[in-house]
Every structure is written in C-alpha cells, then in structure tokens.
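The structure under discussion appears below in the form of structure tokens.
Any read-out appearing in this document is the output of simple, stated calculations on the displayed coordinates, not a laboratory observation. Computed from a predicted model, the values in this text were never measured in an experiment. Cβ placement follows ideal geometry from the backbone for every residue including glycine, while neighbour counts extend to all protein chains displayed.
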Amino acid sequence: MQLIRELERTRDETLKCFSLDHRDLARTYAPGKWSVGYILHHLSDSETVFFDRIRRVLSEPRPVLWVMDQDAWAKGRTLRDEFDKTAVHNEHHLRQIRLALGRPAA
C-alpha cells in the first residue's frame, strides 16, 4: 500500500534528522522561517496529537476529538483521511528541512 510506504519513508528520513548537530538544527529554509529543530518539534507534537486521536476513535464509543473540524468528521472523514493528511504534512516539513540543509528533494 502506497500510503504505508510513504509514512515509513517520511518516518525514516525524519528520524535521521534527530541526530543532526546544533548548527544544522538551527538552519532555516528561508529567512524568518522555522529552524530544522523547530520543525522537528512541530512534527513530534503533531504526531502525538494524531495518535491520541487514533486511540480515541478506536477505543471510545463516542470519542471527543479536540481541535478538529467536527462537521468534516460528521460528514464521513475517515482515519484514512487522517493518515493521508499526516503523510502530506510530514513531506511538506521534510522539504523544508532538505531546503535548509541544502539537500536535494527526495
């Protein structure tokens, strides 16, 4: 399944970024933009929220999902939609990290 491969690819590339030195973590992809370190914090926070949402959807009979578009969920948003959104979100920020580090696009 392509989505699983994409999530695994972005996970593997992201994990490698956590071993960057302080100089690389301080780099930005453009003036005034987030540093690589800040992007990594953002991705970690986003993943924590996402996994909390998954646990709630799977385990609670009437899950309460904080800070979400309730209308979209009521209209049939699926966990697949959330995984797709996560894959796109990860790739977006990895492009920023690659740009900050002067690395070619994947």
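Site pair T78 and H92 shows an inter-label distance of 2.2 nm when each label is modelled 7 Å from Cα along Cα→Cβ.
So what is the diffusion coefficient of the chain in µm² per second by Stokes-Einstein at 4 °C and 1.567 mPa s, using a Kirkwood Rh over Cα pairs? Estimated via Stokes-Einstein, D reaches 85 µm²/s. Between the Cα long axis of helix 36-59 and the first principal axis of the chain there is an angle of about 20°, rounded to the nearest 10.
For the chain, the longest principal axis of the Cα atoms and the long axis of helix 2-17 meet at an angle of about 40 degrees.
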